[in-house]
Amino acid sequence: MRLVKKKITIAVLLMMLSSIFLFPLSVFGAEKEDMANGEFIVGMEAAYPPFNWTQSDDSNGAVLIQGSNQYANGYDVAVAKDLAKTLDKKLVIVKTAWDGLLPALTSGKIDAIVAGMSPTDERKEQIDFSNNYYTSNLVMMVRSDGDFASAKSIDDFTGAKITAQLGTFHYTVIPQIPEVQQQQAMQNFSAMRVALESAIIDGYVTERPEGVTAQKANSHFKMVEFSQDGGFQTSEEDTAIAVGVRKGDPNLAAINEYLNNFSVDEQNALMDKEIGFQPMSDDEHQAWYRQIAAIAMENADLFIRGAGMTLFISLIGTIVGTLIGLLIGVFRTIPESENKFLAFIYRIISFLVTAYIEIFRGTPMIVQAMVLYYGTALAFGLNLDRTIAALLIVSINTGAYMSEIVRGGIFSVDIGQFEAAQAIGMTHRQTMIKVVLPQVIRNILPATGNEFVINIKDTSVLSVISVSELFFQGSTVSQQNFMYFQTFAIICVIYFVLTFTITRILRFVETKLDGPDAYVPISNQMQVE
Amino acid sequence: MSEKILEVNHLKKSFGENEVLKDIHLNVNIGEVISIIGSSGSGKSTLLRSINLLEKPDGGEIIFKGKNVLSKGYNLPKYRTHLGMVFQSFNLFNNMNALDNIIVGQTTVLKRSHADAKKEANENLKKVGMESFANAKPSQLSGGQKQRIAIARALSMNPDVLLFDEPTSALDPEMVGEVLKTIKELAKVHMTMIIVTHEMEFAREVSDRVIFMDQGVIAEQGPPEQIFENPKEARTREFLQRFLK
């Protein structure tokens with residue numbers, strides 16, 4: 001009996017311990033991506049109204065976005081809900097960047113793409129598509145006070161600066177405009193809206209539902225519709241929108257059967273309804289500083305969580321990275337062994353370490369994030385938690401830089417320190433631990449602080465794997481309120497406060513560590529007392 | 001007859017093409033104070049550093065208490081605890097205060113308890129006249145003060161032999177005295193010491209034997225009176241004339 005009790009106590013203790021360990025992860029919105037049966041995991045941008053958008057409550061039938069406290073809604077969400085019901089599974093919505101949708105599907109992180117995606121031949125090579133669940137027309141978004149506001153056909157855009165979203169057929173039709181100045185394709189609609197508003201471009205090609213939304217949200221925008229003859233020539237394959245699934249997915253038949261009964265009239269009715277549900281900002285006509293204040297108040301919780309996540313990832317990443325750097329730095333000081341086998345092992349590890357440093361210093365972190373997150377899923381079937389993936393990437397990346405910094409730190413410790421330790425009879429290990437490393441740590445402190453500040457800023461690239469750090473939260477909010485400058489001004493200030501505070505704290509620690517320049521002998525100190 | 005503690009035979013050392021030590025022979029008896037003099041580049045520092053193997057000799061043997069320390073499997077760190085070393089540039093551990101500099105070797109290498117190590121450290125701090133600077137960081141001390149702490153650090157390991165590598169060369173003139181005074185005190189209690197130095201007056205006063213090195217060999221050795229007043233070798237005379245002028 002006692003033994004059993006003891007075991008239970010230990011189990012409870014272990015659970016408590018592990019929950020403490022996992023606590024920060026759960027607080028900062030880490031998620032367990034369980035692909036158990038009974039879940040229909042759907043990927044979408046949640047930033048392409050009226051097909052899909054993000055909102056902060058569950059009104060109008062919105063669905064909670066996995067790993068966040070925000071909700072997705074829109075035409076796609078309504079369709080996805082019906083599909084999940086048809087398949088008799090629980091709907092899970094994962095917010096994924098447009099570029100990340102295909103890899104997320106093929107690597108098994110999601111089960112379907114319901115994201116206003118057209119079934120192009122290119123995409124069909126990688127994934128299967130269902131029957132259409134919507135068909136749309138191409139329109140042009142322009143500034144309502146601009147030269148092109150009254151355009152009627154694509155010929156009226158002669159010589160205009162036009163762009164569209166990267167990887168869409170919207171972009172490939174642009175050359176149909178005479179003498180058009182086709183601009184670089186852009187990552188997302190937010191970027192294009194900012195570019196349009198700031199007159200970097202004259203217009204962007206989009207589909208009617210998105211156009212209606214943008215026009216409704218921001219009075220500076222106007223949607224130009226074209227008649228049958230005056231518009232872009234498109235194939236039905238492009239304007240159609242379908243559900244993407246993995247090749248050979250057994251659920252496809254059931255999905256198609258459902259969609260066959262989803263008439264065009266029903267589609268249009270649903271679209272009209274969803275456009276009406278779109279969250280609108282009523283702050284639009286206020287002064288910009290009032291808008292900033294309003295955005296800050298409304299989204300304070302989101303921004304604090306985002307800042308917390310950013311700090312958490314960069315802090316852990318910097319600490320783990322510094323430990324990796326110290327480990328490698330110390331490894332490199334080990335004198336070559338006279339034992340041939342050990343010397344051989346040493347050389348192999350040494351080669352691997354060099355390869356690690358060169359590769360991770362020589363490639364962008366954004367690319368590393370993509371490769372690690374989607375690559376592990378494709379190659380090993382490993383489904384990494386996003387936050388864990390983020391921590392791994394930042395740690396490994398920082399480790400590569402820190403090992404070089406530590407090398408410099410060890411190098412700058414006077415040779416006399418090593419000799420004095422040796423002369424006293426210390427072994428290499430004792431010398432390192434007692435004498436050299438404490439000085440190395442002092443030497444690398446400024447560089448480590450620098451790395452920390454860099455990490456705070458660079459974690460923003462992790463938004464590509466949908467880690468809900470500060471920049472990601474900023475994008476989410478701005479995609480809802482269409483006020484990019486106002487939102488990112490807040491994000492900018494938060495980043496600066498974070499980095500500035502940390503720089504000051506580190507400076508303080510340095511001065512504390514160095515102590516005063518002059519020393520008051522003990523006897524004098526006693527007199528003072 | 002005093003007992004031999006250290007014996008150097010056929011010791012050779014080259015740095016690349018440059019042969020710094022050529023077939024050196026040296027005996028050290030317990031309680032003996034030996035000064036090594038000679039011009040720069042004569043090999044005197046290299047000899048000292050070879051004795052505690054901060055430089056690895058190319059050939060020869062170093063026999064300590066009857067055992068060759070260059071033989072395979074000899075416990076080198078343990079050997080070094082028997083030889084205290086005082087460096088020209090002090091080499092106090094920058095990350096510790098004076099007291100910890102003296103304690104750390106005792107606790108990590110000799111495995112003494114912290115309390116014992118501290119007691120030993122305080123005694124030696126008193127011996128070098130630095131007891132009121134126990135909590136000072138090296139950066140807060142003058143050169144002479146640092147060197148006295150370094151001597152206390154070496155003494156606290158209870159070495160059989162103390163090696164001094166030009167202990168006053170990096171000091172301002174007014175600080176040389178305090179360090180030399182400390183070494184003289186040690187000579188009075190018959191600490192075995194080998195001192196590489198340029199302080200001729202000091203060498204004459206403190207040494208039992210003076211060794212003059214020239215171009216990698218021991219050119220002449222003998223009691224200080226012989227070396228300083230009646231050198232046999234022409235090059236010893238030449239060196240001293242140049243030096244004492």
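What follows is calculated from the coordinates using simple rules that are stated; it is not laboratory data. Note that the structure is a prediction, hence the values are computed from the model and not measured. As a convention, Cβ positions derive from the backbone with ideal geometry for all residues, glycine included, and neighbour counts pool all protein chains shown.
A few comments on the model shown:
- Angle between chain A longest axis and helix A:386-411 axis [Cα atoms, degrees, rounded to 10]: 40
- Per-residue mean of C-beta atoms belonging to partner chains within 10 Å, peptide B:8-15: 0
- Whole-Å distance, taken between Cα centres, linking the stretch A:382-427 and the stretch A:236-267: 54
- Whole-Å distance, taken between Cα centres, linking the stretch B:1-58 and the stretch A:166-185: 83
- Amide H within-cut-off set for A:LYS89, under 5 Å, with H built and near neighbours excluded: none
- The mean count of C-beta atoms from other chains within 10 Å of the C-beta of residues in B:85-97, rounded to a whole number, is 5.
- Peptide A:410-421, shielding by other chains (average Cβ, 10 Å cutoff): 4
- Residues A:TRP53, A:TRP98 in ascending order of nearby Cβ atoms (within 10 Å, fewest first): A:TRP98, A:TRP53.
- Against chain A, whose longest principal axis is taken from its Cα atoms, helix A:75-87 shows a tilt of about 80°.
- Remark on B:ASN27: its backbone amide H falls under 5 Å from those of B:VAL8, a criterion applied only to residues 5 or more positions apart or on other chains, H modelled at 1.01 Å from N.
- Peptides A:130-138, A:404-412 ordered by packing proxy, namely the average of other Cβ atoms within 10 Å per residue, highest first: A:130-138, A:404-412.
- Per-residue Cβ neighbour counts within 10 Å put B:MET130, A:MET223 in the sequence A:MET223, B:MET130, beginning with the fewest.
- Helix A:484-514 axis, angle to chain A major axis (alpha carbon atoms, nearest 10°): 0
- Under 13 Å from the Cα of A:LYS89 - aspartates and glutamates, other chains or at least 8 residues apart: A:GLU39, A:ASP111
- Inter-centroid distance (Cα atoms) of the stretch B:175-245 relative to the stretch B:133-148, Å: 27
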